[in-house]
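**Student:** Structure incoming, see below.
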Protein chains: 2
Amino acid sequence: MTDCLIGVLGGMGPLATADLVQKIIVSTPADRDQDHVPLVVWNVPQIPDRQKALAGTGPSPLPVLLEAIRALNKLPLSHIVIPCNTAHHWFDALTAASRAPLLHIADATLAAMHKHVTVPPQVTGLIATHGTLRAGWYQQRLAAGGNEVLEPTPQEMEELFVPGCYAVKRGELIEGGVLLEQLADRLAKRGATRLILACTEVAPGLAAVNSRWLARSIDTTQALAQACVELWQQSRASY
Amino acid sequence: MTDCLIGVLGGMGPLATADLVQKIIVSTPADRDQDHVPLVVWNVPQIPDRQKALAGTGPSPLPVLLEAIRALNKLPLSHIVIPCNTAHHWFDALTAASRAPLLHIADATLAAMHKHVTVPPQVTGLIATHGTLRAGWYQQRLAAGGNEVLEPTPQEMEELFVPGCYAVKRGELIEGGVLLEQLADRLAKRGATRLILACTEVAPGLAAVNSRWLARSIDTTQALAQACVELWQQSRASY
């Protein structure tokens with residue numbers, strides 16, 4: 001067939017990984033099974049908690065992530081993607097250990113945003129873990145495009161984001177969605193006209209409560225899905 | 001951790017595979033990411049069409065399925081499951097080629113049915129591909145339990161099942177669901193009091209139209225999900 005076979009280093013959490021797979025399938029123009037993106041999904045969630053590791057309250061996930069990269073590289077993968085923003089903290093170490101190139105979720109997101117060239121710079125609310133906020137991937141890229149970036153306050157992180165995110169991880173999507181929707185409302189009150197959902201747990205939570213914010217959000221999982229579909233389409237075109 | 005790592009030989013179709021993963025996640029009692037079933041999902045749909053192969057109108061999928069089994073066996077899998085009933089036509093050949101044992105979807109389904117010991121034998125409508133109907137896996141097991149089995153007529157297969165199934169494969173879930181719902185109604189009119197959804201495309205189609213039949217159906221994908229969750233729970237208990 002083609003040489004496209006995309007590995008998904010997932011499990012962080014398992015539901016966010018399933019959400020990526022679903023979004024890849026739905027985003028692929030397909031008349032039959034065989035038109036769909038070939039994927040190998042490592043959905044093995046026995047990985048130390050990334051947020052706790054970055055907060056200094058738990059062990060590093062890096063050894064287990066490297067094991068997963070080694071396992072995935074036993075297969076003839078063309079690319080690897082990671083449907084977890086926070087895990088991109090270890091992106092360089094994982095890239096160095098992988099034969100198959102890794103795609104960065106923030107690059108996929110910014111590529112998706114740049115397709116909407118008619119959208120002027122906006123006040124952009126950033127919903128993400130402490131680790132992702134500190135890393136600055138999105139702020140730097142957004143600022144370069146002239147966007148003002150709004151982050152949650154420490155109190156909003158503690159009372160809304162963190163419990164919302166972990167509720168989704170427990171499978172309590174509505175409970176999580178209600179908290180994340182409140183966080184979106186707070187950012188909107190402070191002036192955000194759109195949001196970046198830069199934690200892959202957020203979109204499933206907001207979807208569970210049919211959040212009106214989804215329509216004004218950039219979903220990093222959807223952007224990563226779109227990048228996977230484009231890799232597949234390019235590979236088929238060149239075949 | 002444990003020695004449980006379940007491989008999913010999927011892609012037949014990709015949406016049915018995503019449905020299995022979703023059902024495994026939802027069926028797992030979990031407080032955090034790490035409580036979820038460790039899965040490696042081969043969702044590579046570039047496999048010759050199983051229904052056409054069995055009808056003698058297309059090439060055999062066996063060589064590609066064997067390649068997938070060989071690839072999956074490079075990973076330390078404890079078991080392999082296949083979320084496609086029709087592909088079980090090649091179950092023995094795949095089992096012979098695999099170090100990791102394969103679980104048969106009909107065994108998982110009958111195990112799930114036997115848990116409901118209070119349910120008396122019923123007139124059971126069987127929704128499946130021609131290949132699965134001819135194989136007799138479900139009819140034999142159901143008859144052994146004293147159930148009468150109703151199959152779709154050749155005309156119902158041609159006008160409702162086959163186009164319904166392929167519509168789901170194209171991602172047209174509502175179109176497919178409407179046709180599959182009509183088939184369920186026909187079987188009910190002829191006396192079926194419950195259904196076995198023995199093609200993994202059927203449950204996503206019926207779910208898309210909120211079919212009242214779902215509540216009276218045995219979903220083979222859900223049964224396979226339950227079997228996966230039980231393997232994981234046994235492995236954790238013995239750890």
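The values are calculated or read from the model by the stated rules, or taken from the named source; none is laboratory data. Only a predicted model underlies this, so the values are computations on that prediction, with no experimental measurement involved. Here the Cβ is made from the backbone with ideal geometry for all residues, glycine too, and neighbour counts use every protein chain on show. Ligands, DNA and RNA are excluded from the accessible area calculation, which covers all protein heavy atoms including side chains. Shrake-Rupley method; radii C 1.70, N 1.55, O 1.52, S 1.80 Å.
**Student:** Given springs between every Cα pair under 10 Å in a Gaussian network model of chain A, which of A:Val149, A:Val26, A:Val162 has the largest fluctuation?
**Tutor:** With Cα springs under 10 Å in chain A, the top fluctuation among A:Val149, A:Val26, A:Val162 is at A:Val26.
**Student:** Now, a different point. How much of the calculated P(r) for the range A:106-219 lies past 21 Å, in percent of all Cα pairs?
**Tutor:** 30 percent
**Student:** Along Cα→Cβ, 7 Å out, is where each label goes; now give me the distance between the ones at B:Glu67 and A:Glu158 in nm to one decimal.
**Tutor:** It works out to 5.6 nm between the two label points.
**Student:** Which semi-axis lengths, in whole Å and largest first, follow from the square roots of five times the eigenvalues of the Cα gyration tensor of the range A:19-94?
**Tutor:** For the range A:19-94, the ellipsoid semi-axes come out as 28, 15, 9 Å.
**Student:** Using the crude model of +1 on Lys and Arg Cβ and -1 on Asp and Glu Cβ, and no other charge, please compute the dipole size for the range A:117-239 relative to its Cα centre, in debye to 20.
**Tutor:** Approximately 300 debye in magnitude.
**Student:** Cα centroids of the range B:164-239 and the range A:147-211: how far apart, whole angstrom?
**Tutor:** Answer, in whole Å: 33.
**Student:** Same structure, new question: Please name which of A:Pro120, A:Tyr166, A:Thr109 has its Cα lying farthest along the dipole of the range A:106-219 towards the positive end, using unit charges on Cβ (Lys, Arg +1; Asp, Glu -1) and the Cα centre as origin.
**Tutor:** Farthest along the dipole direction, towards plus: A:Pro120.
**Student:** Give, ordered by residue number, each residue of the range A:152-178 whose 1.4 Å probe accessible area is reduced by a minimum of 30 Å² on adding the remaining protein chains to the chain alone.
**Tutor:** At a threshold of 30 Å² (probe 1.4 Å), the residues of the range A:152-178 that become less exposed are A:Lys169, A:Arg170.
**Student:** Name the residue, out of A:Thr28, A:Thr57, A:Thr109, whose mean-square fluctuation peaks in a Gaussian network model built on chain A with Cα pairs under 10 Å.
**Tutor:** Comparing A:Thr28, A:Thr57, A:Thr109 in the GNM, the peak value goes to A:Thr57.
**Student:** Compute the distribution of all C-alpha to C-alpha distances in chain A, in bins of 10 Å from 0, and list the percent of pairs in each, rounded to whole numbers.
**Tutor:** 8, 33, 37, 19, 3, 0
**Student:** Please give the helix B:105-114 orientation as an angle from the longest Cα principal axis of chain B, in degrees from 0 to 90, rounded to the nearest 10.
**Tutor:** Orientation of helix B:105-114: about 80 degrees from the principal axis.
**Student:** While we're here: Tell me, what ³J(HN,Hα) does each residue in the range A:71-78 have, in order and in whole Hz, if you take phi through Karplus 6.51 cos²θ - 1.76 cosθ + 1.60 with θ = phi - 60° and put x for Gly and Pro?
**Tutor:** 5, 4, 6, 6, 9, x, 7, 8
**Student:** At 222 nm, what value in deg cm²/dmol follows for chain B if DSSP H runs of at least 4 each add -39500 (n - 2.57) and the sum is divided by all its residues, to the nearest 500?
**Tutor:** -14000 deg cm²/dmol, from helical runs alone.
**Student:** Specify the angular offset, from 0 to 90 degrees and rounded to the nearest 10, of the alpha carbon long axis of helix B:173-189 from the longest principal axis of the alpha carbons in chain B.
**Tutor:** 60 degrees
**Student:** Would you pull out the residues with amide H under 5 Å of A:Ile196's amide H, same chain only if 5 or more places away, H placed 1.01 Å from N?
**Tutor:** Amide H to amide H, under 5 Å and 5 or more residues apart or across chains, A:Ile196 pairs with A:Gly125, A:Leu126, A:Ile127, A:Ile218.
**Student:** Antiparallel versus total DSSP beta bridges in the protein assembly as shown: what percent is that, nearest 5? Show your work: numbers first, answer last.
**Tutor:** Working: 5 of 41 bridges.
Here the share of antiparallel DSSP bridges comes out near 10 percent.
**Student:** Can I ask one more? Over chain B, what is the mean sequence separation of C-alpha contacts under 8 Å (at least six apart), divided by residue count, expressed as relative contact order in percent?
**Tutor:** 24 percent
**Student:** Charges at C-beta only: +1 for Lys and Arg, -1 for Asp and Glu. How large is the resulting dipole of the protein assembly as shown about its Cα centre, in Debye rounded to 20?
**Tutor:** In debye, rounded to 20, the protein assembly as shown gives about 260.
**Student:** Another question about this same structure. Cα convex hull of the protein assembly as shown: mean projected area in nm², to one decimal?
**Tutor:** 22.9 nm²
**Student:** Contact order normalised by length for the range B:106-219, with contacts defined as Cα pairs under 8 Å and 6 or more residues apart; what percent is it?
**Tutor:** Result for the range B:106-219 is 30 percent.
**Student:** Say a label goes 7 Å from Cα toward Cβ at A:Pro48 in every copy; what distances in nm does this one have to the rest, shortest first?
**Tutor:** Between copies, matching label points for A:Pro48 lie 4.9 nm apart.
**Student:** Using θ = phi - 60° and the Karplus form 6.51 cos²θ - 1.76 cosθ + 1.60, what ³J(HN,Hα) does each residue of the range B:152-166 get, whole Hz, x for Gly and Pro?
**Tutor:** x, 6, x, 5, 5, 4, 6, 8, 10, 5, 4, x, x, 4, 6
**Student:** While we're here: What is the interface area between chains A and B, defined as buried accessible area summed over both chains with a 1.4 Å probe, reported in Å² to the nearest 100?
**Tutor:** Approximately 2900 Å² gets buried when A meets B.
**Student:** Same structure, new question: Relative contact order (percent) for the range B:37-132, with alpha-carbon contacts under 8 angstrom and 6 or more residues of separation?
**Tutor:** Normalised by residue count, the contact order of the range B:37-132 is 26 percent.
**Student:** To continue, here is another question. Measuring nothing but label to label, 7 Å from Cα along Cα→Cβ, what are B:Lys74's distances to the other copies in nm, shortest first?
**Tutor:** For B:Lys74, the other copies' label points sit at 0.9 nm, shortest first.
**Student:** Under a 10 Å cutoff between Cα atoms, tell me which one of A:Ala208, A:Ala87, A:Ala198 has the largest fluctuation in the Gaussian network model of chain A.
**Tutor:** Top of the fluctuation ranking is A:Ala208.
**Student:** Enumerate the calculated ³J(HN,Hα) couplings along the range B:4-10 in order (Karplus 6.51 cos²θ - 1.76 cosθ + 1.60, θ = phi - 60°), each rounded to whole Hz, writing x wherever the residue is Gly or Pro.
**Tutor:** Along the range B:4-10, the couplings run 8, 8, 9, x, 10, 8, x Hz.
**Student:** With a 1.4 Å probe and every protein chain left in place, work out the accessible area per residue of the range B:106-219 in Å², rounded to a whole number.
**Tutor:** Spelled out: the 1.4 Å probe surface of the range B:106-219, per residue, equals 44 Å².
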